[in-house]
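*Asks:* Input: one structure, supplied below.
The values are calculated or read from the model by the stated rules, or taken from the named source; none is laboratory data. Remember, predicted model here, so these are calculated numbers, not experimental data. Note that we place each Cβ from the backbone using ideal geometry, even for glycine, and neighbour counts take in every protein chain shown.
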Amino acid sequence: MTIAKPLYKTYPARRQQQRVAIAGVHRRRPEQPPSGARIDRGEKILFVTTEMRDFIKAGGLGDVSASLPRALTKSDDVRVLLPGYRSIVHSDRPIRIIGKTRSFHKLPSCDIGEMQTDDGLTVLVLCNEKLFDRDGSPYTDASGHEWPDNDIRFATLSHAAADIARGRAQMSWRPDLLHLNDWPCALAAHYLDGDAGDKVPTVLTIHNLAYQGVFPASTVGCVGISRRHAEHDRHGRISFLQEGLATATCLTTVSESYARQITEPAYGCGLDALLRKRAAEGRLVGIVNGIDTSWNAQRDPALVAPFSIGGWGQRAINTRELRTEMGLRQQDGPLFAVISRMVQQKGVDLICEAAPQMIAAGGQLALIGRGDPSIERAIARLERRFPGRVAAHVGFEEGLARRMFAGADFLLMPSRYEPCGLSQMYAQAYGCLPLAHATGGLIDTIEDGVTGLLFREASVCELRSCLQRAFRIFAEPLLLNAMRGAAMLEKHGWDGPGRQYASLYHRMLLRKAAA
Ligand SMILES: Nc1ncnc2c1ncn2[C@@H]1O[C@H](COP(=O)(O)OP(=O)(O)O[C@H]2O[C@H](CO)[C@@H](O)[C@H](O)[C@H]2O)[C@@H](O)[C@H]1O
């Protein structure tokens with residue numbers, strides 16, 4: 001571990017404190033009336049995640065993990081558990097060691113550190129230099145190859161979360177409920193599944209069902225799981241997500257439409273039967289994501305000319321500046337933007353196919369993203385073919401993304417599927433109209449013809465006709481500005497979703513108390 005020494009402080013009285021804390025937990029439970037009871041605010045929630053925008057982000061999970069726990073602190077005592085990645089343990093924030101997990105099968109023991117963000121959120125850091133202190137993304141090395149020991153890395157995280165929940169991590173704080181996110185944390189539900197009586201309830205949120213954490217059969221023994229819940233034969237392989245979906249107390253996903261879609265074969269990624277079963281038990285819920293308050297066109301320091309509804313002249317300055325920044329020609333037609341991970345899910349290949357016609361009609365295209373090298377190459381070809389009319393930035397840069405939302409007229413999101421999507425909500429907040437495939441959370445967050453445009457099928461043909469609609473709207477400034485205003489008036493904050501999650505936690509804890 002390469003954290004500077006002074007940051008390490010052992011907890012001299014931690015065993016003593018643990019005994020007191022555990023005694024406290026046992027004392028507190030019988031005080032809850034057995035049924036119809038009111039659970040006091042301030043439940044202890046451990047939010048387990050592998051990304052958090054404050055430190056490391058690979059996609060939308062990083063945004064959600066930075067915002068939702070903060071929204072939840074209004075009603076509950078929430079702490080975030082993250083792996084001790086290089087960007088965390090080498091940040092200049094002090095980390096104090098407050099606990100330790102035990103080894104289990106091939107999973108090593110880890111220290112548990114604690115740090116505070118500037119706004120006072122407590123982050124627990126699972127410290128293990130060998131597993132987490134590396135360059136690259138949470139899941140891949142710097143060249144994009146998955147780490148070969150991801151099964152051990154994330155089973156260790158899951159097992160640590162379960163140990164903390166059981167009060168076996170030598171900590172004075174013990175959560176009432178675990179909130180797990182996606183496959184890397186899913187095994188925590190499995191590890192807790194065998195516990196009787198005082199079993200800590202688990203919520204598992206599906207941010208993207210297509211990523212399932214599938215590993216060879218040999219992983220089963222290494223991570224100490226029993227496979228008893230695997231219902232589909234995966235040629236001897238094991239899916240961390242499937243194990244979690246079968247054993248979590250409650251499942252959520254990030255929009256109501258996606259919650260319905262994943263129970264169907266077309267979107268169920270092979271897990272639809274299991275999800276139908278969980279939905280029939282009343283244990284699959286859709287809660288639409290929010291966006292945080294930094295997405296405010298009037299106050300965003302990244303913008304050249306901040307603006308509010310009606311300030312379309314100011315907004316036009318952002319458009320002009322964006323064209324200059326990206327090397328696009330100054331012209332009068334609509335400017336379309338793409339701000340996305342470049343993966344098959346996002347339908348960027350459809351945009352590449354539709355682009356020549358859109359450019360011939362007087363449109364321009366600005367893209368930012370990175371991902372699949374073949375998609376990046378296709379975009380580079382388009383840029384070479386249409387200089388001044390297509391401009392792409394390969395990389396991840398939030399400031400530029402914000403200027404693109406503020407300057408572009410339309411955001412293209414022809415996603416083949418989209419659990420929720422955040423970019424369309426960022427776009428709306430900046431008066432940029434999303435033009436999207438009607439799927440998942442895009443259905444739940446875009447009102448067709450009012451706050452954006454929707455098309456029914458993720459095909460080039462449908463995208464083309466939707467682009468024609470966009471051109472017609474662009475040609476009518478009154479309609480365009482009315483739609484921009486309607487989009488900017490949308491309230492996509494985290495207060496509503498935060499309350500929905502808090503109410504779900506409290507219902508689960510009431511059920512547990514009543515059982
Ligand atoms: N190159 C770049 N530079 C700057 N910013 C960039 C960028 N590429 C992407 N972004 C930003 O990264 C985020 C991506 O979030 P999304 O929700 O759109 O997608 P993702 O598929 O990663 O998330 C999954 O989880 C989230 C969270 O639940 C779900 O909303 C979603 O549907 C699901 O697929 C957005 O904030 C976007 O603006």
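*Asks:* Could you tell me whether the stretch 438-456 includes any residue that is among the hydrophobic types (A, V, I, L, M, F, W, C), surrounded by 23 or more Cβ atoms within 10 Å (Cβ to Cβ) and farther than 19 Å from residue 289 by Cα?
*Replies:* no
*Asks:* Take the residues of the stretch 59-77 that are part of a loop (DSSP other than H, G, I, E, B) and touching a strand residue (DSSP E or B) at 6+ places or on another chain (Cβ under 8 Å): which is nearest to the ligand (Cβ to nearest atom)? Write out each step before concluding.
*Replies:* First, pick out the residues of the stretch 59-77 that are part of a loop (DSSP other than H, G, I, E, B): 59, 73-76.
Now restrict to residues that are touching a strand residue (DSSP E or B) at 6+ places or on another chain (Cβ under 8 Å): 59, 76.
Working: 59: 2, 76: 20 Å.
Looking at the filtered set, the residue picked out is 59.
*Asks:* If I filter the stretch 473-485 for residues that are at pLDDT 95 or above, touching a helix residue (DSSP H, G or I) at 6+ places or on another chain (Cβ under 9 Å) and farther than 19 Å from residue 319 by Cα, do I get at least one hit?
*Replies:* The answer is no; no qualifying residue exists.
*Asks:* Okay, moving on. If you take the residues of the stretch 121-146 that are of a type in the set (Gly, Ala, Ser) and surrounded by 13 or more Cβ atoms within 10 Å (Cβ to Cβ), which of them is nearest to residue 52 (Cα to Cα)?
*Replies:* That would be 137.
*Asks:* When you scan the stretch 325-341, do you find a residue that is within 30 Å of residue 206 (Cα to Cα), within 16 Å of the ligand (Cβ to nearest atom) and modelled with pLDDT under 95, even just one?
*Replies:* For the stretch 325-341, residues within 30 Å of residue 206 (Cα to Cα), within 16 Å of the ligand (Cβ to nearest atom) and modelled with pLDDT under 95: present.
*Asks:* Here are the criteria: (1) more than 18 Å from residue 319 (Cβ to Cβ); (2) crowded, with 24+ Cβ neighbours inside 10 Å. Tell me which single one residue 464 does not satisfy.
*Replies:* (2) is the only condition that residue 464 fails.
*Asks:* Say whether the condition of being of a type in the set (Val, Ile, Thr) and over 25 Å from residue 479 (Cβ atoms) is met by at least one residue in the stretch 370-389. Steps first, answer last, please.
*Replies:* Taking the stretch 370-389 and keeping what is of a type in the set (Val, Ile, Thr), we get 375, 379.
Okay, now just the ones that are also over 25 Å from residue 479 (Cβ atoms), so 375, 379.
Yes, the conditions are met somewhere in the stretch 370-389.
*Asks:* Pull out all pairs, ordered by first then second residue, where Cβ-Cβ is under 7 Å, the residues are six or more apart or on different chains, the first lies in the stretch 104-118 and is assigned to a strand (DSSP E or B), and the second is of a type in the set (S, T, N, Q).
*Replies:* From the stretch 104-118, the pairs are 107/156; 112/101; 114/122; 116/122.
*Asks:* Right, something else. When you scan the stretch 458-495, how many residues do you find that are within 15 Å of residue 355 (Cβ to Cβ), charged (D, E, K, R) and without any contact (Cβ under 8 Å) to a residue 24 or more places away in the chain?
*Replies:* Result for the stretch 458-495: 0.
*Asks:* Further question on the same structure: Is one or more of the residues making up the stretch 161-170 surrounded by fewer than 22 Cβ atoms within 10 Å (Cβ to Cβ) and touching a strand residue (DSSP E or B) at 6+ places or on another chain (Cβ under 6 Å)?
*Replies:* yes
*Asks:* Related question: Looking only at residues that are out of contact with any Pro (no Cβ under 9 Å at 6 or more places or on another chain) and not hydrophobic (A, V, I, L, M, F, W, C) in the stretch 420-437, which one is farthest from residue 293 (Cα to Cα)? Steps first, answer last, please.
*Replies:* Pass one, the stretch 420-437, residues out of contact with any Pro (no Cβ under 9 Å at 6 or more places or on another chain): 420, 422, 426, 429-434.
With not hydrophobic (A, V, I, L, M, F, W, C) added as a condition, the list becomes 426, 430-431, 434.
Numbers: 426: 10, 430: 12, 431: 16, 434: 19 Å.
The residue in question is 434.
*Asks:* Which residues, taken from the stretch 371-421, are near the ligand (Cβ under 8 Å from one of its atoms), more than 30 Å from residue 259 (Cβ to Cβ) and not aliphatic (A, V, I, L, M)?
*Replies:* 393, 395, 397
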